[in-house]
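Taking it in order: structure first as structure tokens, then the write-up.
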């Protein structure tokens, strides 16, 4: 089944009595990343759901072609095509349990395009779209990292601080990884947003204030891409891969999504917590934006 090719269940195991989960969280990995990157989130979501007294949340991650257990499939270098195929892989899940989509970096743009397809085809609206470490689609500037030689590409990977330095010194591992990273960078750097109506789906944007790739104001610009509730959380001192030190915070954002979405439908206004830029229609900024420093997104 297409769903089994595109999705990997990270947790929890299906209930013994066959009871469905309260919601499903679908995670979209970063450039060069795979489904396993979100294993820590699955554990954190289980803990957060228990704290909130919520039902179990099933956490799944998208498996991009051309890597890991899909290594022998063709890599896709067109982000919109990648989103379209992921969307088809998700279709068996629509109309069942509520969905929360979460994407980091490149994965955020893919999750956004998948959300557009879900809404545009009438397949269903996610409870919330959570985007992490990513420019708003209207702010993507392109770039040429994918055209660099291997040393130049490795230098950029080091800059994002998301890869163990020992891996970057292992030429055998790099020989397998670099083609995947290059293809993903090409997908991001050649992506151009197609203007259209904003999403109806509520949206949360997350970013580290020390991210060398994504400025806070570029993340705040996601506000323009939803007509629903908008929240931005800024993580002090967080770099591009801040999430590896903040899985519980991400989990709480995910577990809170269904309650917030229900409040949105009822017209309720929920106060924003510390570090949040609040409100799709405006509101007070609680974190200062800083200028963009790079033209690439990882």
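Any read-out appearing in this document is the output of simple, stated calculations on the displayed coordinates, not a laboratory observation. These numbers come from a predicted model, not from an experiment.
Convex hull of alpha carbon positions in the range 1-130: directionally averaged projected area 7.8 nm².
In plain terms, if you count all Cα to Cα distances in the range 2-278 and split them into 10 Å steps from zero, the share in each step is 7, 31, 38, 20, 4, 0 percent. DSSP finds beta bridges in the range 2-278, and of those with both partners inside it, around 20 percent are antiparallel. Here, P(r) means the percent of Cα pairs in each 5 Å bin from 0 to the largest distance; for the range 45-191 it is 2, 8, 16, 19, 18, 15, 11, 7, 4, 1, 0.
Once you wrap a convex hull around the alpha carbon atoms of the range 143-207, what is its projected area averaged over all directions, in nm²? Don't skip to the answer; put the middle values down first.
Values: hull surface 24.3 nm².
Seen from a random direction, the Cα hull of the range 143-207 projects 6.1 nm² on average.
The separation of the range 1-58 from the range 146-210, counted between C-alpha centres, amounts to 23 Å.
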